[in-house]
Amino acid sequence: MHSLNELLSEQLRDLFDAEIQFSAMLPDMIDRATSSDLRQSLSDISENTLSNISELQEACQLMAIQPTGVTCEAMRGLIREATQTTGGQGETATIDACLIANAQRIAHYEIAGFGTAKAFARCLGKGDVASLLGKLASRAGEHDKMLSYIATGGWFSSGINQEAVQASSSH
Ligand SMILES: [Fe+2]
C-alpha cells in the first residue's frame with residue numbers, strides 16, 4: 001500500500017466483494033423471515049444491494065480500476081456467523097430478531113466502509129466517487145433505521161423483540 005489512492009482502490013474492491021457476498025445471502029434471509037414487515041425490508045435491502053454493486057462498479061470505473069480481485073474476509077465472517085445463528089429451530093419471532101441482528105451488523109459494517117472510503121475519495125479530490133459512496137453510506141443508514149424500527153417498534157406497535165420475549169415466556 002503506497003498511497004491513499006491505492007488504499008481507496010483496495011477498499012472499493014473490498015466493498016464490491018462484500019456487497020456481492022451480502023447479495024448472495026439475502027434470498028436465504030428473506031426465506032427465513034416470518035414477519036411480513038421484515039420480509040419486505042429485507043427485499044428492499046436486497047434490491048438496494050444490487051444497486052450498490054453497480055454503483056461500486058461505477059466508482060471503480062471512475063478510478064480506472066477493476067472492481068474484482070479482493071475478498072472481503074470480514075463479510076465472510078459476518079455471513080458465517082449469521083448462518084450459524086439462524087440455522088437452528090426456534091420461535092419465529094426469535095428467528096426474526098436474530099435475522100435483524102445479523103442484518104444490522106452488516107449495515108453497520110457498510111456504514112463504516114462506505115463512510116471511510118467516501119472520506120478518502122473526498123481527500124483525493126474525487127468528488128464524483130465521494131458522492132457515490134455518500135449515497136451508499138446513507139442507504140446503509142436507512143437500512144439500519146428501518147431494521148431498528150421493526151425490532152423495537154414504533155409508537156403504535158411493540159416490535160419483534162417484544163414478540164420474541166412474549167413467545168419465550170409462554171414456555
Ligand atoms: Fe472488508
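The values are calculated or read from the model by the stated rules, or taken from the named source; none is laboratory data. If you're wondering where the values come from, they're calculated on a predicted model, not measured in any experiment. Backbone-built Cβ (ideal geometry, glycine too); neighbour counts: all protein chains shown. To get the accessible areas, we keep the full protein, side chains included, count just its heavy atoms, and leave off ligands, DNA and RNA. Shrake-Rupley method; radii C 1.70, N 1.55, O 1.52, S 1.80 Å.
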Qualifying position, being among the small types (Gly, Ala, Ser), under 26 Å from residue 5 (Cβ atoms), open to solvent by less than 70 Å² (accessible area, probe 1.4 Å) and more than 14 Å from the ligand (Cβ to nearest atom), among 82, 59: 59
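To keep it simple, each residue is scored yes or no on (1) among the polar types (S, T, N, Q); (2) more than 23 Å from residue 45 (Cβ to Cβ).
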site: 86; (1), (2): yes, no
site: 149; (1), (2): no, no
site: 159; (1), (2): no, no
site: 169; (1), (2): yes, yes
Subset of segment 62-79, residues over 16 Å from residue 28 (Cβ atoms) and within 16 Å of the ligand (Cβ to nearest atom), comes to 67, 68, 69, 70, 71, 72, 73, 74, 77
Name the single residue, out of those in segment 8-28 being within 21 Å of residue 62 (Cβ to Cβ) and within 11 Å of the chain's Cα centre (by Cα), that is surrounded by the fewest Cβ atoms within 10 Å (Cβ to Cβ). 20
Which numbered condition trips up residue 69, out of (1) open to solvent by 40 Å² or more (accessible area, probe 1.4 Å); (2) under 27 Å from residue 159 (Cα atoms)? (2)
Residues of segment 29-44 satisfying the condition of being free of Cβ contacts under 8 Å to residues at least 24 places away in the same chain and either open to solvent by 60 Å² or more (accessible area, probe 1.4 Å) or β-branched (Val, Ile, Thr) (or both): 30, 31, 36, 39, 40
Take the residues of segment 100-133 that are more than 16 Å from the ligand (Cβ to nearest atom), among the small types (Gly, Ala, Ser) and open to solvent by less than 30 Å² (accessible area, probe 1.4 Å): which is farthest from the chain's Cα centre (by Cα)? 121
Could you tell me how many of the residues in segment 134-144 are closer than 18 Å to residue 55 by Cα and open to solvent by less than 60 Å² (accessible area, probe 1.4 Å)? 7
Out of the residues in segment 145-167 that are open to solvent by less than 70 Å² (accessible area, probe 1.4 Å) and among the hydroxyl-bearing types (Ser, Thr, Tyr), state the one that is modelled with the lowest pLDDT. 157
